[in-house]
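The values are calculated or read from the model by the stated rules, or taken from the named source; none is laboratory data. Quantities reported herein were computed from a predicted structural model and do not represent experimental measurements. Here the Cβ positions follow ideal geometry from the backbone for every residue, glycine too, while neighbour counts run over all protein chains shown. Keep in mind that these areas ignore ligands, DNA and RNA; they rest on the heavy atoms of the full protein, side chains included. Shrake-Rupley method; radii C 1.70, N 1.55, O 1.52, S 1.80 Å.
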Amino acid sequence: MTNKEISLQITEMTCAACSSRIERVLNRNEFINAEVNLATEKAVIKYDDTQVNKSEMIEKIEKLGFGVREERIEFKVSGMTCAACSSRIDKILNKAEGVVSASVNLTTEIATVNYHPDLITPDKLIKEIEKLGYEAVRRESAENESSEARATKKMQNKLIISALLSLPLLITMLDHLFGIALPSILMNPWFQFALATPVQFIIGWQFYVSAYKNLKTKSANMDVLVALGTSAAYFYSLYEAIKTIGTAYEPHLYFETSAILITLILFGKYLEASAKGRTTEAITKLMALQVKEARVLIDGKEQMIAIDEVNVGDTLIVKPGEKIPLDGIIMRGSSTIDESMLTGESMPITKTIEDNVVGATINLNGLIEVNVTKREEESVLASIIKAVEDAQGTKAPIQRMADQISSYFVPIVVGIAVVTFIVWITFVSPGEFEYALTASIAVLVIACPCALGLATPTSIMVGTGRAAEHGILFKGGEHLERTHEVDTIVFDKTGTITKGEPVVTHFEGSNETLQLLASAEANSEHPLAKAVVDYAKSKELTITEATTFEAVPGKGIKANVSGIDLLIGNRILMKEAEVSIDLYDRAVTEAEEQGSTAMFIAENGKLTGMISAADTLKDNAIEAMKQLKKSGQELIMLTGDNQRVADAIAKEVGIDRVYAQVLPDEKQEKIELLQSEGKNVAMVGDGINDAPALATANVGIAIGTGTEIAIEAADITILGGDLLLIPKAIQMSEATIKNIKQNLFWAFGYNTIGIPIAAIGLLAPWIAGAAMAFSSVSVVLNALRLKRVKI
């Protein structure tokens, strides 16, 4: 018996019964002895590792409804050359004990791992990757890209040297193809050997290293095909050259095939690296927005300090034309702010005292003092960068099929190449070794698993980046894929369709009555009271202090202003005070029928006016609904408001189906009901009470002006609250999926057609190599077309 001990951090334990329950379940196994401490939230477990698996213990804890501490880490992985590489790393990491999930993105060369730190460490994860022959280092979110630039520069230099050495060999093909007489030095086998050898074993050494590492772990990637194909051509040519020693033998040389193949493949990889760099432009642009220094008020003096030294509560001085360094609240001054980086809206927004401002937006024309509310790593910009990075690092479901095919691709191609060689040398051209060799080499180098591996991630990267430029944040590739499948969209009302800020829609009475009304309402915290006060201020009326104030729940308020007794409220309040409402009863009824909240106003027992206020529709709400209806979406509104108000808003905005007076927990039930009808449902909301429904829906869409909880529960975040971004999100999803399907069609079609053509001898190896190199480039270039999609 081998005794081991681990300590697990348990989450979501609320009482002693929780810890006892975990102990009881774990200790049922005779090979486990567990003690759970509620205060420290730790489980110390002794177990026999020959009988018990650590992952099984975690599963038991999670089945009880508790969590085990989980962390996320990203690694920069170098040495991957095709989809087979990323699939192998993906498979090994997901098998590692303590790993919850792992995803490897070939395009970004990023491995994202969710793991239990109590079971496995980042160093062990790195070792798992290194065992496969790749290099991995921990990646910071604001990673310095200079290493990638250096790698691209190094590749460029190797390409230039390879091209210079291969050019004379390329000229010798004129003799092979057209019988053109060339200088004897060019046709000398040892001259060709001298040119081809450094290309094969210095420039092309990377293919041998990668092939060896893959074969050592009983797998194969594209480099195995390249190494096999070029080596066959090189060593057969060397054999032919040796046969010329001391004889007049006319050799059949293929040095140009091996050298030109390596040069073309390097050229393809260089173009691919350059194009892939452009797929990450969205993140690069976002990172460029970050401010490096801030002007902070310290002891009454302005000082420029590094942004990472600024703390919550510090006061920033932001001058006209400067970027606002961090998220905060304006404490002094007013200005217009350019928030186009956040919302995509070109029109600047006026901000004044107590208004929120976002870091990296531009202060246009006023000096403002800002109280910092979030540090750099917690800012809106940081969360946007993280959301885009996360989306670009995840795999869409459509990619799994391509990855699965890629994992079997290379062994199948090697098998086809062997069969091709046997068929040619046995049946097609019996005894003609050269013909059999060139056909099999062409098969090896025409095959391109890279195109399959790049088809999905490149489109996902460009698509999510393009969406982010418009203020649409997809949390992952799977959400980008699912969005275009939505056929039913459910909207919350307040704060989603409407602004969530009531405004006065109708007033009848004198300015004196309005002044008294506003003075009384100034003491109330009700949103409608703020609307009344703002309305009076817009009329430039003076607000005076009320002598007395009393809120009457469900009815209105009572107050005394300047010696006048005021009653402001509904019919019930007026009836109780025996105030006749006949004069304004019809006006109040009409306002209520239009979805407004209306109040009577009485002075010293006599009716003197009425006022109504309503939550107004967001700009573009009607146009957004028109666009969604036009695209075939069924639109539904869910609200806790009463039926009359809900119907009025729905009619105004163009929504046909309404669920009113729905409690927060019932919103989730309504979504589940729609899903049970076979509908693919998207939920759009902004509040805490929308979070369960957002999480339940097939696609949850959070309005970026809402609560952090709602945004966390959603799959897509719409920055700035513009509802027109919802049809744009669907359009972006459709465009991206269409682009992915084009890429996959090209990748599958290329290999399906190319391999048979090579096998029957219609492709020279160097043409096959060129085609292979450009197939992956074409996939990346097609993905880059998404940058020009108009949404």
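When residues in the stretch 546-569 are screened for being at pLDDT 90 or above and outside any strand (DSSP E or B), 4 of them pass. Screening the candidates GLU469, GLU501 for the property of being within 22 Å of the chain's Cα centre (by Cα), surrounded by fewer than 20 Cβ atoms within 10 Å (Cβ to Cβ) and at pLDDT below 85 yields one hit, GLU469. Scanning the stretch 11-25 for residues that are at pLDDT 80 or above and in contact with a Gly (Cβ under 7 Å, 6 or more places away or on another chain) returns a single hit, THR11. Within the stretch 239-272, the residues that satisfy the criterion of being part of a loop (DSSP other than H, G, I, E, B) and either crowded, with 23+ Cβ neighbours inside 10 Å or more than 56 Å from the chain's Cα centre (by Cα) (or both) are LYS243, THR244, ILE245, GLY246, THR247, ALA248, TYR249, GLU250, PRO251, LEU253, TYR254. Inside the stretch 722-753, residues that are under 26 Å from PHE409 (Cα atoms) and among the charged types (D, E, K, R) make up a count of 2.
Taking first residues from the stretch 671-697 that are surrounded by 17 or more Cβ atoms within 10 Å (Cβ to Cβ) and polar (S, T, N, Q) and partners that are at pLDDT below 85 and in a helix (DSSP H, G or I), the Cβ contacts under 9 Å between residues at least 6 apart in sequence or on separate chains come to ASN689/PRO664; ASN689/ASP665; ASN689/ALA710. Those residues that are in a helix (DSSP H, G or I) and open to solvent by less than 60 Å² (accessible area, probe 1.4 Å), I need them from the stretch 200-215; list them, please. Matches in the stretch 200-215: GLN200, ILE203, PHE207, TYR208, VAL209, SER210, ALA211, ASN214. Identify the single condition in (1) closer than 21 Å to VAL684 by Cα; (2) open to solvent by 20 Å² or more (accessible area, probe 1.4 Å); (3) at pLDDT 90 or above that PHE491 does not satisfy, given that it satisfies every other one. All conditions pass for PHE491, except number (2). Being assigned to a loop (DSSP other than H, G, I, E, B) and crowded, with 24+ Cβ neighbours inside 10 Å is a condition met by at least one residue of the stretch 722-739.
Filtered by the rule that a residue be open to solvent by less than 10 Å² (accessible area, probe 1.4 Å), touching a strand residue (DSSP E or B) at 6+ places or on another chain (Cβ under 9 Å) and either on the phi < 0 side of the Ramachandran plot or free of Cβ contacts under 8 Å to residues at least 12 places away in the same chain (or both), the stretch 79-105 gives CYS85, SER86, ILE89, LEU93, VAL104, ASN105. Note on the stretch 757-777: residues that are under 39 Å from the mean Cα position of the chain (by Cα) and buried (at least 19 other Cβ atoms within 10 Å of the Cβ) total 10. None of ALA451, ALA442, ALA402 is touching a Ser or Thr at 6+ places or on another chain (Cβ under 9 Å), modelled with pLDDT of 85 or more and open to solvent by less than 10 Å² (accessible area, probe 1.4 Å) except ALA442. Restricting attention to the stretch 576-633, and to residues there that are more than 54 Å from the chain's Cα centre (by Cα), hydrophobic (A, V, I, L, M, F, W, C) and under 16 Å from ILE557 (Cα atoms), which single residue is most open to solvent (accessible area, probe 1.4 Å)? Taking the candidates together, the pick is ALA577.
Considering only residues of the stretch 16-50 that are touching a residue at least 40 places away in the same chain (Cβ under 8 Å) and closer than 22 Å to ASN3 by Cβ, which is most open to solvent (accessible area, probe 1.4 Å)? Among those that are touching a residue at least 40 places away in the same chain (Cβ under 8 Å) and closer than 22 Å to ASN3 by Cβ, it is LYS46.
Restricting attention to the stretch 573-598, and to residues there that are part of a loop (DSSP other than H, G, I, E, B) and β-branched (Val, Ile, Thr), which single residue is nearest to LEU528 (Cα to Cα)?
Applying the filter and picking the extreme gives ILE581.
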